[in-house]
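The values are calculated or read from the model by the stated rules, or taken from the named source; none is laboratory data. Not measured: the values here are computed from a predicted model. FYI the Cβ positions are ideal-geometry reconstructions off the backbone, even for glycines, and counts take in every protein chain you see.
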Amino acid sequence: MFPKGTKRKFSDSGEEPAGGGGGGGEQGPAAPSAAAARALTSSYSLQRQSLLDMSLIKLQLCHMLVEPNLCRSVLIANTVRQIQEEMTQDGTWQIMTQALAAAQCPADRLVATEVLCRQTDPAAQAGQSPKPFSVVGLEEGYHSEEVVMEGEVETEVTMSTLSAVPPQLSSASYLAGPFGMGPCWEDEEDDGGCDEDEEEDSEECASEGEDGERDRLSPDSRTGEQVFGTFEIKHPAPPADPALEELFSDVDPSYYDLDTVLTGMQSAPKMGPYDLLENLSSHGPTALSSSSNCRSDLNELDHIMEIIVGS
Amino acid sequence: MEEESDTRKINNSFLRDHNYATEADIISTVEFNSSGELLATGDKGGRVVVFQREQESKTQPQRRGEYNVYSTFQSHEPEFDYLKSLEIEEKINKIKWLPQQNAAYFLLSTNDKTVKLWKISERDKRPEGYNLKDDDGRIRDPSTITSLRVPVLQPMDLMVEATARRVFSNAHTYHINSISVNSDLQTFISTDDLRVNLWNLEITDRSFNIVDIKPANMEELTEVITSAEFHPQHCHTFAYSSSKGSIRLCDMRQAALCDRHCKYFEEPEDPSTRSFFSEIISSISDVKFSHNGRYLMTRDYLTVKVWDLQMENKPLETYQVHDYLRGKLCSLYENDCIFDKFECVWNGSDSVIMTGSYNNFFRMFDRNTKRDVTLEASRENSKPRAILKPRKVCVGGKRRKDEISVDSLDFSKKILHTTWHPHENIIAVAATNNLYIFQDKVN
C-alpha cells in the first residue's frame with residue numbers, strides 16, 4: 001500500500017492539517033507561532049482520532065447485522081482507510097504505541113528524534129507536512145485518562161501474552177500503548193525495527209492460511225478483520241490484507257472507548273471479544289504464551305465469535 | 001391528502017437511524033404514473049396506496065386536482081430467509097408504473113429482494129346466475145339443478161382490485177435499491193448494491209445479470225452501485241450511479257455483460273473542500289434521466305447536479321441543496337444522517353428540478369432563471385389551499401424573524417421522496433408518514 005524504505009523528511013514548519021478538517025469548518029488558517037500550530041494540529045488530531053473511533057464503532061455495529069447496509073459500510077470503511085492513510089503518512093500510526101512515552105518527553109526532543117522518522121513517508125511526495133509527534137503523544141496522553149485504567153492494563157497484558165510475539169520482540173513493545181508502562185525513549189529504535197519486522201512477518205504469514213494468520217495477529221487486528229469481514233459473511237474470510245491488519249493494529253483506546261460508550265458501563269471494560277478471549281483462555285496473564293495453546297484458544301474464540309455475530 | 005395523525009415517536013435515535021423499529025407508516029417511495037392520474041406510495045409496512053385524481057367537476061372547478069385513495073394493498077410481507085437466518089423487511093423501496101396499455105394499470109414494487117408486478121383494475125359488474133354454484137360461490141348439489149340459465153352481468157359498486165401478476169425473486173444477494181422499466185415496455189432492470197439484473201416482464205424464473213461489480217475478494221470492495229435507470233427513449237441505454245460519485249452510461253448492444261461503460265461521468269474533486277467526508281458526501285443517492293433524454297440529474301448529499309450526456313468531465317449545472325450543512329458533517333456522520341438517500345425529480349418540461357432536505361424542507365431549482373426556493377411540508381404551515389411561503393435557513397449571525405437557524409433544524413424530519421406530475425405543476429412530497437400534494441395556484 002505504501003512504499004517502504006522511503007526516508008521521512010520532517011519539517012517543523014507551521015502545520016496545516018493535511019487532508020481537510022474533520023468537521024469541515026474547523027480547519028483554521030495556518031497559525032503563525034509554533035505553539036498555535038501545535039494546538040491546531042492537536043485539535044485536528046483529536047478530531048481525527050475521534051472520527052476514527054466513531055467509524056470503528058459504526059463498522060462494529062454493521063458487523064453485528066446479518067445483512068448490513070452495504071453502501072453505508074463501504075463508505076465508513078473507506079473513511080477509516082483514508083484516516084489510516086493519513087495517519088500513516090504523518091507517522092501517527094506508527095508511533096501510537098509510544099504515545100505515552102512521547103507525552104512524557106519534551107517536544108523538541110521528539111522532533112529531533114530521527115529514529116521515529118524511519119518509517120515510510122509518502123507524505124513528502126504528497127506534499128503534505130507531517131505533524132509533530134509530540135502533539136499526538138499528548139493527545140494519546142489525554143486519551144488514556146478518559147478510560148478506566150485498571151481493567152485495561154490487565155487486559156492489555158493478557159492480550160500481549162496471547163498474541164504470539166516473535167521471539168526477538170520484547171513484550172514491552174506491546175505494552176507500550178497508551179496504557180502501557182511507558183518504555184523509555186531509547187526503546188524506540190527497537191520498536192521501530194520491530195514494527196517493520198512485524199509487518200514483514202505478517203505478510204509472510206498470510207500465505208499460511210487463516211489460522212496461522214490469526215495467531216500472528218494482535219487482538220486488535222482481529223477486530224479489524226471482523227470489521228471488514230462485514231462485507232462478506234457468506235464466505236470464510238480470506239487471509240487479511242496486511243495493510244488492513246496494520247490499519248487496525250492500534251485501536252485499543254478507541255475500542256475501549258467504544259465499549260464504554262456502547263454499554264454505558266464505565267467500570268467494566270471487559271465486554272465483547274476481549275472478554276471472551278480472557279474467559280476462554282485458561283491462561284492468566286502470567287501464563288506464558290505457548291504458540292500452540294494460543295492457537296487452539298483462538299480457534300475456539302473464532303468459532304464462538306462466528307456464532308455470536310451470526311456469520 | 002392523506003393525514004395520518006399517528007406518529008410513533010422513537011426516542012432512541014440509534015433505533016430510528018438503523019430502521020430497527022417497525023414504523024410501518026413511514027412512506028418509503030412515491031411515484032406518479034405516466035398520465036399523472038394516479039399516484040402511488042409505498043411504505044415501510046409493505047403497503048402500497050394508490051391515489052386517483054378526482055374527475056373535473058363543473059360545480060367546483062377548484063376541486064380539480066384532489067387525489068383520493070383509489071386502492072390499498074399489501075404488496076410485500078415480512079419474510080424470513082432460513083438459509084441466512086435473516087429477516088427480509090417488507091419495506092417498499094421503489095415503485096415504478098408501467099405505461100398504461102389498456103384499462104388496467106400495472107406497477108412494479110420492490111423490497112430489498114423481490115420485485116412484484118401488480119395489476120390494478122376496476123370492476124363494476126359481477127356475473128350472476130351461475131348454474132353450478134350459488135350466489136355465495138358454493139357448489140350446488142347437482143341433483144337440485146333442474147334447469148339451465150344464462151349467467152348475466154349485474155352492475156355493482158365500483159371495486160378496485162390489485163392482483164400480483166408476477167413475482168421476480170431469487171436474483172439479488174444484496175439489497176435492491178432501484179428498479180426501472182424500459183421504454184421497450186418488455187423489460188426492466190433491478191439494481192442492488194453490486195449488480196444490475198435485466199428481466200423480461202413476462203418471465204419470472206430467470207434474469208440476466210448485466211452489471212456485476214462484486215470483487216473476487218469482498219475486502220477489496222470500495223464502491224457500490226447506488227441507483228440505476230433506463231434511458232427514457234433508447235431502450236439499450238441505461239445509467240447507474242456509484243458511491244464514489246460517478247455515473248456510468250452503458251449500452252446493452254455492446255456486450256451481454258455491460259461491465260464496460262460507454263460513458264463515465266465524474267467531476268474532479270475540489271481540493272479546497274476536501275475532507276474525510278468528501279467521499280461520503282459525493283456518494284450519489286439518486287440518478288434520473290430528463291424526460292427528453294438529454295440530461296442526467298444526480299443527487300449527492302449536499303448538491304444536485306445536471307449532466308449533459310455529451311459532457312462527461314463535469315456537470316452542466318450544480319445546485320446547492322443545503323450547503324449550510326457543510327460545517328456540520330461530523331455530527332451528521334455521527335448521527336448517520338450523512339447516509340440519508342435523498343431522491344431528486346424533474347418537472348414535466350425538464351426546466352425545474354426538485355429534491356428534499358431536512359426539517360421537512362424541500363428545494364426547487366429553476367434551471368432557466370437560476371432561481372431557487374425552499375418550501376416546507378408541514379401540517380402547521382400548509383392548511384388545505386394555503387399558499388406555501390418560502391423558507392430561509394440562516395447561517396450564523398443575526399436571524400431574522402421568519403428565518404430558521406441551522407442549529408434548530410430537525411434532522412429527524414427529512415424529505416427523501418418526492419415526485420412531480422408528468423405534465424402539470426403538481427408535486428407529491430413524502431414527509432415521514434405524511435403525504436403532501438401541492439399544486440400551482442388555481443385561478
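Worth pointing out:
- Of all residues making up segment B:345-391, the number that are assigned to a strand (DSSP E or B) and of a type in the set (D, E, K, R): 4
- Selection of strands (runs of 3 or more DSSP E) fully inside segment B:209-292 by the criterion of at least 3 residues being closer than 27 Å to B:Asp112 by Cβ and at pLDDT 95 or above returns B:225-230, B:237-242, B:247-251, B:286-289.
- Qualifying residue in segment B:102-125 (condition: at pLDDT 90 or above and surrounded by fewer than 10 Cβ atoms within 10 Å (Cβ to Cβ)): yes
- So B:Ala228, is it more than 10 Å from every other protein chain (Cβ to nearest Cβ) and loosely packed, with under 15 Cβ neighbours inside 10 Å: no
- Hits in segment B:326-359 (condition: away from chain A (no Cβ under 14 Å), among the small types (Gly, Ala, Ser) and out of contact with any Phe, Trp or Tyr (no Cβ under 6 Å at 6 or more places or on another chain)): B:Gly348, B:Ser349, B:Ser351, B:Ser357
- Residue selected from segment B:347-377 under the condition surrounded by fewer than 17 Cβ atoms within 10 Å (Cβ to Cβ) and in contact (Cβ under 8 Å) with a residue 40 or more places away in the chain, by the criterion nearest to B:Arg326 (Cα to Cα): B:Asp372
- Listed conditions (1) surrounded by fewer than 22 Cβ atoms within 10 Å (Cβ to Cβ); (2) within 19 Å of the chain's Cα centre (by Cα); (3) not in a strand (DSSP E or B) are all met by B:Phe342, apart from (1).
- When the criteria are applied in full, B:Ile179 meets the requirement of being modelled with pLDDT of 95 or more and buried (at least 21 other Cβ atoms within 10 Å of the Cβ).
- For segment A:32-53, the set of residues classified as more than 11 Å from every other protein chain (Cβ to nearest Cβ) and under 16 Å from the mean Cα position of the chain (by Cα) consists of A:Ser45, A:Leu46, A:Gln49, listed by residue number.
- Given (1) crowded, with 23+ Cβ neighbours inside 10 Å; (2) of a type in the set (Phe, Trp, Tyr); (3) closer than 30 Å to A:Ile83 by Cβ, index of the condition B:Tyr324 fails: (1)
Conditions (1) away from every other protein chain (no Cβ under 14 Å); (2) more than 26 Å from B:Lys288 (Cβ to Cβ); (3) in contact with a strand residue (DSSP E or B) (Cβ under 6 Å, 6 or more places away or on another chain); (4) touching a residue at least 60 places away in the same chain (Cβ under 8 Å), marked per residue:
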position: B:Ile145; (1), (2), (3), (4): yes, yes, no, no
position: B:Leu153; (1), (2), (3), (4): yes, yes, yes, no
position: B:Met156; (1), (2), (3), (4): yes, yes, yes, no
position: B:Met159; (1), (2), (3), (4): yes, yes, yes, no
position: B:Arg166; (1), (2), (3), (4): yes, no, yes, no
position: B:Asn170; (1), (2), (3), (4): yes, yes, no, no
position: B:Ile179; (1), (2), (3), (4): yes, no, yes, yes
position: B:Val196; (1), (2), (3), (4): yes, no, yes, yes
position: B:Asn200; (1), (2), (3), (4): yes, no, yes, no
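- Of residues in segment B:231-264 being small (Gly, Ala, Ser) and either over 22 Å from the mean Cα position of the chain (by Cα) or on the phi > 0 side of the Ramachandran plot (or both), the one surrounded by the fewest Cβ atoms within 10 Å (Cβ to Cβ): B:Ala256
- Filtered residue count, segment B:309-327, keeping only those that are among the charged types (D, E, K, R), touching a Leu at 6+ places or on another chain (Cβ under 9 Å) and in contact (Cβ under 8 Å) with a residue 24 or more places away in the chain: 2
- Hits in segment A:66-75 - residues which are more than 8 Å from chain B (Cβ to nearest Cβ) and not small (Gly, Ala, Ser): A:Pro68
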